[in-house]
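What follows is a single structure, written as structure tokens, with notes after it.
Read-outs: derived from the displayed coordinates by stated rules, not from any lab. The structure displayed is predicted, hence computed values, not measured ones. Quick reminder, even Gly has a Cβ in these numbers, built from the backbone with ideal geometry, and neighbours come from all protein chains shown.
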Amino acid sequence: MTFKKSELFSFSTIKNYHAFLAQHADGCTIAVNHYLSKIKQFGRLNAFLEVFEPDALQQAKFLDQERKQGKPLGKLHGVVIGIKDVICYKDHKVSAASKILEGFTAVYNATVVDKLLAAGAIIIGRNNCDEFAMGSSSENSAFGAVRNALNENLVPGGSSGGSAVAVQAGLCMASLGSDTGGSVRQPADFCGIVGLKPTYGKISRYGLIAYASSFDQIGIFGTNIPDVSTILEVISGSDDFDSTISNLPMVEYPIKADNKKFKIAYFKDAFLHGSLDPEIKSSCFTLIGKLKADGHLVEGIDFEYLEFVVPTYYVLTTAEASSNLSRYDGVKYGYRSESEDIELTDFYKATRAVGFGKEVKRRILLGTFVLSTGYYDAYFTKAQKIRKLLVKKTELIFNDFDIILLPTSPNTAFKIGEKMDDPISMYLADIYTVYANLTGVPAISVPLFTHTNGMPFGIQAMTNRFNELSLFQFSQLLMQQYQSFQDPTS
Ligand code: GLN
């Protein structure tokens, strides 16, 4: 690590922080000042696009006052949180890390922001990411790449890389990202922290800048499972502004599982896949052996669709993106071309050609192509059929098992610039994460291992839809009993 935790303030869990606040009348202000100085100190990581310093300090003062007055405290009282730059916070800038939203200020709060603030959280800033959440490395930002705090020459993963690094480097306590195909789990994996993508429909997407609406889900980064589950309790639940949200009542997650034995499936093909780093593979198999020895049922099952998940994901998400991003035309908001005396269509073209980055343009083109007459059935309809098959297959698996176990990523963090000219290899590395978004199930990356190259990696667990409780129980078990597990090859 190239940084040190401050001696004056250190954060381990929300629970411990709340105990600290009970002893310190100015505790929230102490915490916010601590994070503000850390953010400055590690500015070179480029994890924040903007720090909401005056607001955060004001909110901290207000919360310290509330405690003095003996008011009932919210579940996230004083918790310092970063939000990915795709989540709207009223009267604050939001850009999706794109030039096309230059100068745009949010006119309403995302539902998650309302819920965070109502629970007493302090939003400290907006986190850098891949433009419109498209990417796996956080290099596709119009505002420069994000760096991995463990090795600044490496990527932090993406697209929510800024949110991941903010937690990894201790620049805030927890953060929100968005996960359309792995953008919370994969950066969590590369940074050695916890990353949760809840069930599709668990957290309102109102106020989340859309990439691919039938896949997008807000996710949570944290350093431990209890914090992530507490944040989920606060930000999930029904919302009149999102028609895809579930009306299931909000639940509290008792994450202690009291010696529960889990029925765990893993996809044999996934662990034998040629792209998987041999050391990640052997660590996963050692973990599987250990889980079996400890009385869990762990079974390798056939999964004949593995080769289809990445193409299906890229056909469907780019189609949705081409439609969602059509609103950025330079007329209503954001960047507009300066070209004068041109036809409206040429004005749109001039704006979009300059406003969007290379990867976003590539995806809009691809999405427009798969939706075009003549190709619609061959690509879009076919991909939808495969998605249906995957959903059915997943239901069958969860009839017999509690958990599906997969690697999170086939490799650990790679060098900045290494894959920028090879989008296909970047896409193929999404092989283990897109499945959960195609099927809507919740998935988590739990940091368990250290590679001999010095970088961390985790394992990914999934449960049936809306069974976050089991997912947390299993993840907690992994963190408590199998973390810092010594890989025999290391
Ligand atoms: N890496 C994936 C992509 O580039 C995932 C992105 C995401 O989850 N937002 O599409």
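The length gained by stretching the chain between residue 50 and residue 331 to full extension, at 0.36 nm per residue less their Cα-Cα distance, is 98.6 nm. Evaluating 6.51 cos²θ - 1.76 cosθ + 1.60 at θ = phi - 60° for every residue in segment 256-270, the Karplus couplings come out as 6, 10, 6, 6, 4, 9, 9, 9, 10, 10, 10, 7, 4, 4, 5 Hz, glycine and proline recorded as x. Taken about its Cα centre, the chain carries a charge dipole of roughly 660 debye when the Cβ of each Lys and Arg holds +1 and the Cβ of each Asp and Glu holds -1. Computed from label points 7 Å out along Cα-Cβ, the spacing between residue 13 and residue 71 is 2.7 nm.
Quick check: residue separation of residue 293 and residue 90 times 0.36 nm, minus the Cα distance between them. What number comes out in nm?
On the way: separation 203, 0.36 × 203 = 73.08 nm, distance 5.19 nm.
Residue separation times 0.36 nm, minus the Cα-Cα distance, leaves 67.9 nm.
Cross-link pairs exceeding 31 Å in C-alpha to C-alpha distance, out of 260/281; 332/361; 40/197; 15/419; 197/281; 202/419, comprise 15/419; 202/419. Here's how it looks for residue 102: its modeled amide H is under 5 Å from those of 335, which are all 5 or more places away or on a different chain. Express in whole angstrom the spacing between the alpha-carbon centres of segment 39-63 and segment 384-434. Each part reduced to its Cα centre gives a spacing of 34 Å. Placing pseudo-labels 7 Å out from each Cα toward the beta carbon at residue 238 and residue 392 gives an inter-label distance of 3.2 nm. Cβ-to-Cβ counts within 10 Å put 362, 44 in ascending order as 44, 362, the fewest first.
Using Cα pairs closer than 8 Å and at least 6 residues apart in sequence, work out the relative contact order for the chain, in percent. Numbers along the way, then the final one.
On the way: 1073 pairs, mean separation 80.2, N = 490.
Relative contact order for the chain comes out at 16 percent.
Its Cα gyration tensor gives the chain an equivalent ellipsoid. The semi-axes, each the square root of 5 times an eigenvalue, are 31, 31, 21 Å from largest down.
Hey, can you rank 168-174, 200-206 by average C-beta count inside 10 Å, highest first?
Values: 168-174: 26.6, 200-206: 23.0.
Packing proxy ranking, top to bottom: 168-174, 200-206.
The label point for residue 421 and the one for residue 453, both projected 7 Å from the Cα toward the Cβ, are 1.9 nm apart. Among the chymotrypsin sites (Phe, Trp or Tyr not before Pro) within segment 1-80, those in coil by DSSP and having at most 15 neighbouring Cβ atoms inside 10 Å are 3.
Using a cutoff of 8 angstrom between alpha carbon atoms and counting only pairs six or more residues apart, the relative contact order for segment 202-329 works out to 30 percent.
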